[in-house]
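Structure, as structure tokens:
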Amino acid sequence: MRHPPARVIIMKRVVVGLSGGVDSSVAAYLLKEQGYEVIGLFMKNWHDDSVTISDECPWLEDSNDAMIVANKLGIPFQTVDLSEQYKERIVDYMFREYEMGRTPNPDVLCNREIKFDVFLKIAMDLGADFVATGHYCRKDTITKDGKSIHRLLSGKDPNKDQSYFLCQLSQEQLAKTLFPVGELLKPEVRQIAKEQGLITAEKRDSQGLCFIGKVRLPEFLQQQLKPKEGIIIEVPAESAVFNSNSNGEENMLIKESKKFVYTPQDGKEVGRHQGAHFYTKGQRKGLAVGGTKEPLFIIETDVNQNIIYTGQGKNHPGLYRKGLFVKNEEVHWIREDLKLNEGESMEVMARIRYRQELEKATLHQTANGLYVIFEKPQSAITEGQFVAWYLEDELLGSGVIS
């Protein structure tokens, strides 16, 4: 009598980016419970402790915690040194952006360039089917015209949704990625860690730059950007008027997204600074200017003239505008099948920073690039940051603000 061939169960292998925090620890635990073969990898991306506030996010402690979690879960663990790639792709990029008077978002780039590129390739070399992280977001897959399309969805915890940080991922990257904690609330994640006796259960969330921790940004930037004394101008509210160089034919999209242009004659000198490239739009702290009725906010920086323009109060009109522009080469669609053609528009919800509530906006694709026009004026739209747009809880795409 012939027996049917034995069924061979092939276990899927997942490499988890163990950061030494509670979220990635629980992600690794959940995957193991789901039957995956799990490997833990800690990424060391920074060597210079001189600008790191040491008690906030020391990598050595994080690495040790990650190793203890891996031992507790009974999974293989190793550390990989990606500091060279991190410097080339993230740190050098930051210096270039600040030097140009823009404000980069290294966390978004870190995910695109390090976690889901360099790290993903290392994982694939280890024979992994997927990589996984502790991000609070979700992924699902739909079929459209016979083709699988991966959707990036907001995390179930509205206070922790981290989809914005992943707004530059591609279909290829999403295909290889798992987000095990995306369906959970943060208190549930901590409870699981506590029940499993994981050392990270009560550990505070890390802050600051991706993989570096909380840094003293001026000292960090001064490694390459030299101090350069300049003036601080306070601009009265009535002088924050749109300055159009057009001959009257400028269309509404351009007008809505155009930033204010100031000269020193628009206000009065109220202080001095050590380099316009160290400051960003919307910033309140660090100006060291007193004696005003309301706090001063930076409404514009001019790195060419090395001048900082400020206005009193968070409602100063110079802080607000309704639109922004993204160059064609900086427009990124996760959902390439929904990409707009020239002349098309789409109503979406959008945000221009991580913690911002989603706001109603309309995308307009033109020959030169994409305009994002909000229903309400937005505060401190900042060049170099990312705008991300959603339909309901799905992140469709993003772009670098010009």
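Computed over the chain, the per-residue total of -39500 (n - 2.57) for DSSP H runs of n ≥ 4 gives a 222 nm mean residue ellipticity of -5000 deg cm²/dmol, rounded to 500. Of all aspartates and glutamates in the structure, the ones whose alpha carbon falls short of 12 Å from that of Lys322, not counting any fewer than 8 places away in one chain, are Glu256, Glu359, Glu375. Relative to the compact-globule estimate of 2.2 N^0.38 Å, the Cα radius of gyration of the chain comes out at 1.10.
Note on region 329-398: the C-alpha convex hull projects to 4.7 nm² when averaged across all orientations.
Legend: P(r) of region 66-172 from all alpha carbon pair distances, 10 Å bins from 0, whole percents, reading 12, 33, 36, 16, 3.
The angle between the Cα long axis of helix 186-195 and the longest principal axis of the Cα atoms of the chain comes to about 30 degrees, rounded to the nearest 10. For region 393-402, 3J(HN,Hα) computed residue by residue from phi via the Karplus equation (6.51, -1.76, 1.60; θ = phi - 60°) reads 9, 9, 7, 8, x, 7, x, 7, 5, 8 Hz, glycine and proline entered as x. Mean-square fluctuation check for the chain, GNM, Cα pairs under 10 Å: which of Ala388, Ala28, Ala380 is largest? Among Ala388, Ala28, Ala380, the largest GNM mean-square fluctuation belongs to Ala380. Listed by chain and number, the lysines whose alpha-carbon sits under 18 Å from that of Lys144, ignoring those within fewer than 8 places in the same chain, are Lys339.
As a quick test, which of the pairs Lys115/Lys285; Lys44/Lys281; Lys186/Lys285; Lys228/Lys259; Lys121/Lys176 have an alpha carbon distance above 22 angstrom in this structure? Spell out each step's value before the answer.
Details: Lys115/Lys285 32 Å; Lys44/Lys281 31 Å; Lys186/Lys285 30 Å; Lys228/Lys259 25 Å; Lys121/Lys176 10 Å.
Pairs exceeding the cut-off: Lys115/Lys285; Lys44/Lys281; Lys186/Lys285; Lys228/Lys259.
Between the helical axis of 22-33 and the longest alpha-carbon principal axis of the chain there is an angle of about 30 degrees. In the context of the full set of protein chains, residues of the chain present 49 Å² of accessible surface per residue (probe radius 1.4 Å, heavy atoms only). Computed over the chain with a Gaussian network model linking Cα atoms closer than 10 Å, the most mobile of Met43, Met67, Met100 is Met100. In loop segments of region 321-391 as defined by DSSP, the GluC sites (Glu not before Pro) with at most 15 further C-beta atoms inside 10 Å of their C-beta are Glu342, Glu344, Glu357. Taking only alpha carbon atoms, region 264-402 gives an Rg to Rh ratio of 1.04, where Rh is the Kirkwood radius. With the chain treated as a Gaussian network of Cα nodes joined by springs under 10 Å, which of Phe278, Phe42, Phe260 yields the largest mean-square fluctuation? Judging by the Gaussian network model, the answer is Phe260. 3J(HN,Hα) couplings calculated from phi for region 308-323 with the Karplus curve 6.51 cos²θ - 1.76 cosθ + 1.60 (θ = phi - 60°) are, in sequence order, 10, 9, 10, x, 7, x, 6, 9, 4, x, x, 7, 10, 7, 8, x Hz; Gly and Pro show x. Name the residue from His273, Ala123, Met67 whose Cα lies farthest towards the positive end of the charge dipole of the chain, charges +1 on Cβ of Lys and Arg and -1 on Cβ of Asp and Glu. Farthest along the dipole direction, towards plus: Met67.
The values are calculated or read from the model by the stated rules, or taken from the named source; none is laboratory data. Just so you know, these numbers come straight off a predicted model, no measurement behind them. Positions of Cβ are backbone-derived with ideal geometry, glycine not excepted, and every protein chain shown enters the neighbour counts. Each accessible area value is taken on the protein alone, full model and side chains, heavy atoms only, with ligands, DNA and RNA left out. Shrake-Rupley method; radii C 1.70, N 1.55, O 1.52, S 1.80 Å.
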